[in-house]
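A.B. asks: Here it is: the structure, laid out below.
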Amino acid sequence: MPLPAALLGRLRARHLALVVALDTHRSLRRAAAEIALTQPAVTKLLRDLEDALGARLFERHPWGMTPTP
């Protein structure tokens, strides 16, 4: 299913790097360190991406994060 043009205009390489880092590390703090951003910046970037897609990409837990199906 192709992404709508409006959504493609909002996606950036940082969004993709964040998703890969989160999937690898399962931690906002470690993902932030890998992509050289602060944890608050990564939290906002993830929130922006989830808002653009209209879906949660990761479940948050006290011990980390897991990807949603």
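The values are calculated or read from the model by the stated rules, or taken from the named source; none is laboratory data. Quick caveat: nothing in here was measured; it's all calculated off a predicted structure. Glycine also receives a Cβ, built like all others from the backbone with ideal geometry; neighbour counts cover every protein chain displayed. Note: accessible area is taken over every heavy atom of the protein model, side chains too, but ligands, DNA and RNA are not part of it. Shrake-Rupley method; radii C 1.70, N 1.55, O 1.52, S 1.80 Å.
A.B. asks: Search segment 55-69 for residues that are farther than 15 Å from A31 by Cα and pair each with any residue that is part of a loop (DSSP other than H, G, I, E, B) and of a type in the set (A, V, I, L, M, F, W, C) when their beta-carbon atoms are under 9 Å apart and the residues are at least 6 apart or on different chains.
C.D. replies: From residues that are farther than 15 Å from A31 by Cα, the pairs are T68/A55; T68/L57.
A.B. asks: I'm checking my understanding of the structure. Among residues of segment 46-61 that are in a loop (DSSP other than H, G, I, E, B) and out of contact with any strand residue (DSSP E or B) (no Cβ under 9 Å at 6 or more places or on another chain), which one is least open to solvent (accessible area, probe 1.4 Å)?
C.D. replies: A55
A.B. asks: State all residues of segment 32-45 that are in a helix (DSSP H, G or I) and without any contact (Cβ under 8 Å) to a residue 24 or more places away in the chain; if no residue qualifies, say none.
C.D. replies: A32, A33, E34, Q39, P40, A41, T43, K44
A.B. asks: Restricting attention to segment 9-30, report how many residues are closer than 13 Å to T66 by Cα and either open to solvent by less than 80 Å² (accessible area, probe 1.4 Å) or touching a helix residue (DSSP H, G or I) at 6+ places or on another chain (Cβ under 9 Å) (or both). Lay out the reasoning, then the answer.
C.D. replies: Applying the first criterion (closer than 13 Å to T66 by Cα) to segment 9-30 yields 19-28.
Keeping just the survivors that are either open to solvent by less than 80 Å² (accessible area, probe 1.4 Å) or touching a helix residue (DSSP H, G or I) at 6+ places or on another chain (Cβ under 9 Å) (or both) gives 19-25, 27-28.
Result for segment 9-30: 9.
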